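Undergrad: Structure in structure tokens, see below.
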Amino acid sequence: MKNPLKNSALGITLISILLGLFVGALILLFIGYNPIEAYSVMLNGIFGSVRYLSWTIIYATPIILTGLSVAFAFKTGLFNIGAEGQYIVGALTAALVGYYVPMPTLLHIPFVLICSITAGSLWGSIAGYLKARFGVNEVISTIMLNWIALYLNNFFVLNEKIKRPGSEATNKILDSAKIIFFDVWKKSPDGQAFRKAHPFFNDIFRTPANAGFLIAILAAVLVLLILNKTTLGYSLKAVGFNKDAAEFGGINIKSSMISSMAIAGGLSGLAGAVQVTGFTREASALAAMEGYGFEGISVALIGANNPIGCVLAGLFYGALKYGGSKIQPRIGAPYEIISIIMGTIVLFIAMPKLIRMMKITKKKEAE
Amino acid sequence: MKKLSILLAVVFALTLVGCNKQKAEVAAPAEEKPMEVVKTSVVMVTDVGGVNDQSFNQSAWEGLQKAQKDLDINVSYKESKQNADYMPNMESVLDDGNDLIWGIGFMMADAILEAAQNNPDQYYAIIDNAYEDTPSNLVGVVFEAEQASYLVGYIAGRMTQTGKVGFIGGIKFFLIEEFEYGFKAGVKQAGADIEVFTQYAESFTDAAKGKSIANSMYQQGADIIFHAAGGVGNGLIEAAKEQGKWAIGVDRDQNDLAPDNVLTSAMKRVDNGIYNLSKELAEGNFPGGTTVAYGLAEGGVGIAPTSSKHVPADILAEVEMLEKKIIAGEFVVPNTADTLAAYKVVDLK
Amino acid sequence: MNNYDFDQIAVEMKGITQKFGSLVANDNIDLTVHKGEVHALLGENGAGKTTLVNSLYGLYHPTSGDIFINGEKVVMDTPNVAIGHGIGMVHQHFMLIKPFTVVENIILGKETHKHGVLDMERATKEVMELSERYGLTIDPTACIQDITVGMQQRVEILKTLYRGADILILDEPTAVLTPQEILDLIKIINNLTDQGKTIIIITHKLKEIKDVADFCTIIRRGKKIDTVKVADVSESDLASMMVGREVSFKVDKEESEPGDIVLEVNDLHVKDNRDIPAVEGLSLKVRRGEILGIAGVDGNGQNELVDALTGIRKAESGEVLVNGNNILGLNPRGILDHKVSTIPQDRQKRGLVLEYSIAENIIIENYKKAPFSRKGWLNFPAIREYARKLVKEFDVRPDDENYISGSLSGGNQQKVIIAREISNNPDLLIAVQPTRGLDVGAIEYVHKALVAQRDKGKAVLLISLELDEVINVSDRIGVIYEGKIVGEVKAEGADENEIGLMMAGGSNS
């Protein structure tokens, strides 16, 4: 009973991805570029070297986590548009705690991560509380909270006492807070010598390869466990599916909404922390939303709100973002083509009916 | 059913073979490419504004395109969408084998410096940043924006009828403050008792905020407002249009946005800067390890050519005189609060 | 009745088989409907009646079998094909746009227009003509949200007629109607057949079949049992064909032996959603080992009473004692902990999480307790084992505890709820409309279950709109009117007319 359903969801996703790439190819053709050339540049830009793969993973990491955040909320009946804001709050927290609270590495990293998760959780639970207490639609409140987070971030980052002189960003976090693999060693003479001797590792060490991806996978497993194996997940899902029945069954639906948004917010906050401690090492003033949260919505959609699906979808999106950006300088086709492909994929996934219809007609033709 | 699946398998296998072939065909010329390249190639990496930002990224790309035509070099660009893109973008343009890599905008200062340190054999250059200690393969290009600001400040001071003018900045930091102090010095030159309203929008994109700041300055009696605030300035120009007041543009000649209301613009010729340096590179004279300042003398900054539309000839003549004095080094235009305080009015005769 | 013409076959379905995965919903079913007849499809919930008509209406595509309309073979790809062949369907749940007027709803999708501009005048005229011809009186300008359910059903019927339907499928048309409305509907059906329309009616109410249908096809577990001429068979014949065994309509029960008071409600006041008092000074008592039935017309405070008793809604004032403890103001969890279990009125809204499996629904009130979970981790083997036991014990079909609840038939969904609530071993069992929408077999089952609880010494509060049910099952009957219990009688030998009068507000107490 269950399996065909799952398969068809996966099938729809794969068909949507193919359709997205196909539409992208058509558009490339239409504006005068060779799509095969463009896609091979992209593929080569993703798989061409270990370094590219490392970058792809670095690109995928934050959006896997924001994707998990959106997917978790969605599983519990809430639409978390606020992943963006929760990400910003988490990133800012990581940058501040990573610089101002010196600690030994073994303590500092978990401390930074926990602080960011907490900050993201609190940010998310504001929307949960507003919904539980006053019935404010979480879509509206999280959109608002995104902007508040953005300006809060700029308020802190641009504060004379906080910002790094001559920049629009905070001070770089301390080495003890970084999750970048061998960050100090790889720049030391020892490390340099090792890198000379081992081109494979040198390739990886040229990128800020970091533990973020492992953290993201851990988070995905955790989300999977919470949703499917715990009483918490059981009750949150029940509220998501049918809050009347859940309420009747004695589940406190108000506190469920708040916990659900808090967990979703924590995941997005973690995304921000991982990005700062693993890559950017600072929080910068934002002229506009960076889009990690919104990309998370796409990831969750493509991943069918399944935690493992989010990991795969995040990698896919990350690969497209990183590899796709190489199309422009090489053959001149605009980078926007990547956004078009992603948009098309999401659009097709959002209308599974169309694909099912296509399947039915195909079946008929086959008969 | 069985037959069908066999058929499908065969078709699938065939397409796979087909794909491989195609791939091989495409891959081959790609490998040969670097061998063919003998031309100098220059690439620029934009900041998050993107290549069509109506501002310095766009101007930079125009400069590169001009260089492509005049100097017969290869040019390309790579856009950054997020702050996190700077580092990987630097890397991937490095992989492409370019002779010179440009970073457009001071936001990329760290990424460029790191890349230059890691790849000592590669030339880099950056717009709008001066390093304290510049590696020998890197050039910082800065613009003496205070000089152009000074000239438009003088025009504003001479033309105001209310004795009040305004300055709207984007985000308050040294690059933008240079505009402010240069402008204020120019106003001071025109008349010591002219009041200058100053406000920073804390944004480079929020046009609505720009408009509301402009409206309130106009209400307080200002009749000419200068901005150094990117997209925020679009709000100012809109307000000027609605209220029938003057606005002064920045970076490029913004008169096209409101022909009857943009009095003049303090131009910053990023295109010229890019063009000149690319030319020096092509000629084998890359000034690595230095910071190049483009001022009035080098044609790196200046007032807009459309200024003559609205500014009377006698004032323009005075402006020209001041410009000559600056080029001749008779005085230095202030670019900080301290130098502004110390500024003494120049005798025009 | 008797308008049918044996020479003209309107609908013929031959060898229809419909499989969903491993489930065979229809197994080689034949159906022949003559022009102008009223043909009833009778079967328990989940027997496959709706599946069959959905195939006819183009909503499902049968795995095998052919459909002929007026002798012509038709492949029903979509409902549009069916509509094109003069088939119209009135679903159990109406598909109307509430803020639109009657006429707007009827012409939706087939609007009359003049040069692209909606011609409401002509549309109204056409609709009124139809309504007069078939005796379907309506107010064309009223908004759907303002008219009664019975009227809404007329709008649905008119909608199909407006699209030129000659063959009308009515899916459980009486499930939502009051007795008076049912009488009106029967008149309408007769009018329609007088004018040559053919009617296929899905129902499990035997009395209505006797009242309205010419022929009846009985379906049991996906298979056709027989097609009979209704005039030739009795209600109990139909019932045993449908269920596959003898069915008793009477609830057999011993004299009750009431014990201590379990539930005592004193002077309860509750407001409804619009902030208008709905329960106004209601008092009642239920003892161990007895069933108190609450009879009353819908909307006299029953819903608000139940909401207050279960902790969903705050009461204004009063007292609700369970075993002497005041439970008023507690949340649903707290009330459950006082050994109060409730079979809710709307099993799909309040009763079940339809996306959850049977097992997951069974533990919804106890998931935090051992052995179903330990330290926040669910213990699935224990949950499944417990659920499997209940599924067997309460004869839920299919007997698979991992089956998704939403795919169960209504009767089996109700069994899951009853299994869950009874297995809580409550002191007080509140049953609200426990047989709504169920077929005879399932109704019998539910009634027996309630009596069995009583016999185990539980207190049972039965709230139902079906007077027959209240009289049959209860030991005592309280009549609710305008938020108060206005009278109480013993169920044994109760006079239906007397109760009916009290329900209507006539004084007798």
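Undergrad: With r as the distance between the Cβ atoms of B:Glu62 and B:Thr336 and R0 = 45 Å, compute the FRET efficiency 1/(1 + (r/R0)^6) and round to 0.05.
TA: Details: r = 31 Å, r/R0 = 0.69.
With R0 = 45 Å, the Cβ-Cβ based efficiency is 0.90.
Undergrad: Right, something else. Just add up the charged neighbours of A:Tyr234: K/R +1, D/E -1, any other residue whose Cβ is under 10 Å from the Cβ of A:Tyr234.
TA: Once positives and negatives cancel, what remains is +2.
Undergrad: A:Ala197 versus C:Leu183, label points 7 Å from Cα toward the beta carbon: distance in nm?
TA: Each label point lies 7 Å from its Cα, and together they span 10.2 nm.
Undergrad: If you take the beta carbon distance between C:Val149 and C:Leu118 as r and set R0 to 25 Å, what does 1/(1 + (r/R0)^6) give as a FRET efficiency, to the nearest 0.05?
TA: So, using R0 = 25 Å, E works out to roughly 0.35.
Undergrad: In nm, to one decimal, how far is the A:Asp190 label point from the A:Phe47 one, both placed 7 Å along Cα→Cβ?
TA: It works out to 3.7 nm between the two label points.
Undergrad: Taking the Cα centre of the protein assembly as shown as origin and charging only Cβ (+1 Lys, Arg; -1 Asp, Glu), how large is the dipole, in debye to the nearest 20?
TA: Roughly 2640 debye for the protein assembly as shown.
Undergrad: Convex hull volume of the Cα atoms in chain C, per residue, in Å³?
TA: Taking the convex hull of the Cα positions in chain C, it is 172 Å³ per residue.
Undergrad: Moving on. Roughly how far apart, in whole Å, are the Cα centres of region B:154-184 and region A:172-208?
TA: Their Cα centres are 47 Å away from one another.
Undergrad: Can you put C:Ser240, B:Ser308 in order, fewest other beta carbons within 10 Å first?
TA: Least crowded to most crowded, the residues run B:Ser308, C:Ser240.
Undergrad: Could you state the orientation-averaged shadow area of the convex hull built on the Cα atoms of region A:141-231, in nm² to one decimal?
TA: Computed as one quarter of the Cα hull surface, the answer is 10.5 nm².
Undergrad: Moving on to the next point. Using a Förster distance of 51 Å, how high is the FRET efficiency between B:Thr291 and B:Gln161, based on the Cβ-Cβ distance and rounded to 0.05?
TA: 0.80
Undergrad: Let me ask something else. Which chymotrypsin sites (Phe, Trp or Tyr not before Pro) in region A:68-172 sit in a loop by DSSP (not H, G, I, E or B) and have at most 12 other Cβ atoms within 10 Å of their own Cβ?
TA: On the way: sites: A:Phe72, A:Phe74, A:Phe79, A:Tyr87, A:Tyr99, A:Tyr100, A:Phe111, A:Trp123, A:Tyr129, A:Phe134, A:Trp147, A:Tyr151, A:Phe155, A:Phe156; in loops: A:Phe79.
Listed in order of number, the matching sites amount to none.
Undergrad: What is the Cα centroid distance between region A:218-263 and region C:21-73, reported in whole angstrom?
TA: Region A:218-263 and region C:21-73 have Cα centres separated by 41 Å.
Undergrad: Here is a follow-up. Two-decimal Rg/Rh of region C:5-243 from alpha-carbon positions, Kirkwood Rh? Could you put the intermediate results ahead of the total?
TA: On the way: Rg = 17.9 Å, Rh = 18.4 Å.
Rounded to two decimals, Rg over Rh is 0.97.
Undergrad: Mind jotting down the distance between the C-alpha centroids of region B:115-129 and region C:127-181, whole Å?
TA: Each part's Cα centre sits 79 Å from the other's.
Undergrad: Counting residues in region C:343-430 as N, plug N into 2.2 N^0.38 Å and put the Cα Rg over that result. It would help to have the intermediate numbers written out before the result.
TA: Numbers: Rg = 12.1 Å, N = 88, 2.2 N^0.38 = 12.1 Å.
Relative to the 2.2 N^0.38 Å estimate, region C:343-430 comes out at 1.01.
Undergrad: Okay, next question. Let me check the size of region B:246-289 from its C-alpha atoms; what are the radius of gyration and Dmax in Å?
TA: 15.7, 46
Undergrad: For region C:259-378, what D do you get in µm² per second when you plug the Kirkwood radius from alpha-carbon pairs into Stokes-Einstein at 37 °C and 0.692 mPa s?
TA: It diffuses with D of about 206 µm²/s by this estimate.
Undergrad: Within 10 Å of each residue's Cβ, count the other Cβ atoms and sort A:Phe248, A:Phe194, A:Phe241, A:Phe47 from fewest upward.
TA: Values: A:Phe248 23, A:Phe194 16, A:Phe241 19, A:Phe47 13.
The most exposed by this proxy come first: A:Phe47, A:Phe194, A:Phe241, A:Phe248.
Undergrad: Would you please calculate the Kirkwood hydrodynamic radius of region A:1-144 over all C-alpha pairs and express it in Å, rounded to one decimal?
TA: 19.0
Undergrad: Another question, then. If I stretch the segment between C:Phe68 and C:Lys456 completely, what's the gain in nm (0.36 nm per residue apart, minus their alpha carbon distance), one decimal?
TA: Roughly 134.2 nm would be gained on extension.
Undergrad: Just going by the charge dipole of chain A, with Lys and Arg at +1 and Asp and Glu at -1 on Cβ, which of A:Leu152, A:Ile173, A:Gly293 is farthest out on the positive end?
TA: Farthest along the dipole direction, towards plus: A:Gly293.
Undergrad: Can you find, among C:Asn472, C:Ala494, C:Ser409, the residue sitting farthest towards the positive end of the charge dipole of chain C, where Lys and Arg contribute +1 and Asp and Glu -1 at Cβ?
TA: Farthest towards the positive pole: C:Ser409.
Undergrad: Would you mind getting the Kirkwood hydrodynamic radius of chain A from its Cα pairs, rounded to one decimal in Å?
TA: 21.7
Undergrad: A follow-up question, please. Do any GluC sites (Glu not before Pro) in region C:71-148 lie in a DSSP loop with no more than 15 other beta carbon atoms within 10 Å, and if so, which?
TA: C:Glu111
Undergrad: With n ≥ 4 as the cut-off for DSSP H runs, can you work out [θ] at 222 nm for the protein assembly as shown, using -39500 (n - 2.57) per run divided by the number of residues, rounded to the nearest 500?
TA: -15500 deg cm²/dmol
Undergrad: Per residue, what volume in Å³ does the Cα convex hull of region A:216-294 take up?
TA: For region A:216-294, the hull spanned by Cα atoms encloses 114 Å³ per residue.
Undergrad: Using only the Cα atoms of region C:114-254, what do you get for the radius of gyration and for Dmax, in Å?
TA: 18.6, 73
Undergrad: Still on this structure, please answer the following. When Lys and Arg each count +1 and Asp and Glu each count -1, what net charge do the other residues less than 12 Å away from C:Asn300, Cβ to Cβ, add up to? Mind showing how you got there, number by number?
TA: On the way: positive: C:Lys484; negative: C:Asp272, C:Glu280, C:Asp298, C:Glu304, C:Glu482.
Spelling it out: positives minus negatives among the neighbours equals -4.
Undergrad: Around A:Arg195, under 10 Å between beta carbons, what's the net of Lys plus Arg minus Asp minus Glu among the other residues?
TA: So the surrounding residues net to +2.
Undergrad: Under the Kirkwood approximation applied to all pairs of distinct alpha-carbon atoms, what is the hydrodynamic radius of region B:131-191 in Å?
TA: On the way: mean 1/r = 0.0780 Å⁻¹.
By the Kirkwood definition, the hydrodynamic radius is 12.8 Å.
Undergrad: Going by how many other Cβ atoms sit within 10 Å of their own, how do A:Val23, C:Val489, B:Val346 line up, fewest first?
TA: Numbers: A:Val23 18, C:Val489 21, B:Val346 15.
Listing A:Val23, C:Val489, B:Val346 from fewest to most nearby Cβ atoms yields B:Val346, A:Val23, C:Val489.
Values quoted throughout were computed directly from the atomic coordinates according to the rules given, and no laboratory measurement underlies them. Given the structure is predicted, the values throughout are model-derived calculations rather than measurements. Virtual Cβ from ideal backbone geometry, glycine too; neighbours counted across all protein chains shown.
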